[in-house]
């Protein structure tokens, strides 16, 4: 890849990673409800999980999935069901920031990493990056570099949402304000399903 193409890929990554979507909605909410420190495993799961997915798809998994379209179709509906379940848990959460959450806990590293495989925005980003910024005969090093680029740029881009959520904790100490916030984020998560289900 030429330097110009790497710059273009970097700009695409930043714009894709920092704009609203299921990951950023969930990590903003985690920042509000659990604070930045407890949200870090979630953040690392998103960034490393997406980078790994990008690498595996680029190294040939897309060819396997292309032969079995039923797998992608199943992933689409499993992902949709999982996002509805997450939205329901979010909407029914009643814990105020700074209060012992009991059984409530943030999404961990493995859950966030696994979520990338059923996240519609992650798939669009992955396939767009592969087709736009990698040559058809891309070698494994180029694929690994592209995946690493998304991982590294994801840390500040997605992390900014977690930090913003954490900074809102004081404002959302009031249980009513927190309930309104959580319900709004749950609706945003469900609304993000529309493009996936209408495809």
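Quick note: the coordinates plus some simple rules give every number you see, no bench work behind them. Predicted, not measured: the structure shown is a model, and the values here were computed from it. Cβ: placed from backbone, ideal geometry, glycine included. Neighbour counts: every protein chain shown.
Annotations
- Listed options for P(r) over Cα pairs in 10 Å bins from 0, in percent are (1) 9, 35, 33, 17, 6, 0; (2) 8, 30, 30, 19, 9, 3, 0; (3) 9, 31, 33, 20, 6, 1. The value calculated from this structure is the one marked (1).
- FRET efficiency for residue 89 and residue 11, using Cβ-Cβ distance with R0 set to 45 Å, rounded to 0.05: 0.80
- Neighbour-count ranking [beta-carbon atoms within 10 angstrom, fewest first] of 125, 26: 125, 26
- Between 17, 61, 153, the Gaussian network model of the chain with springs among Cα atoms under 10 angstrom shows the greatest mean-square fluctuation at 61.
- Along its first, second and third principal axes, ordered by size, region 12-65 spans 40, 21, 16 Å in Cα coordinates.
- Among 126, 74, 157, residue whose mean-square fluctuation peaks in a GNM of the chain (springs only between Cα atoms under 10 Å): 74
- Reciprocal mean inverse distance between Cα atoms of region 101-157 - Kirkwood radius, Å: 13.4
- Arranged from fewest to most other beta-carbon atoms within 10 Å of their beta carbon, 121, 170 become 170, 121.
- Counting only alpha carbon atoms, the long axis of helix 69-91 and the longest principal axis of the chain meet at about 20°.
- Region 143-196 - convex hull of the alpha-carbon atoms, volume per residue in Å³: 84
- Helical contribution to [θ] at 222 nm, DSSP H n ≥ 4, -39,500 (n - 2.57), averaged over the chain, rounded to 500: -25500 deg cm²/dmol
- Across the chain, the relative contact order, built from alpha-carbon pairs under 8 Å that are at least six residues apart, equals 48 percent.
- Summary of packing: across the peptides 84-90, 161-167, 138-144, the per-residue average of other C-beta atoms within 10 Å ranks them, highest first, as 161-167, 84-90, 138-144.
- In the chain, the longest principal axis of the Cα atoms and the axis of helix 175-191 are about 30 degrees apart.
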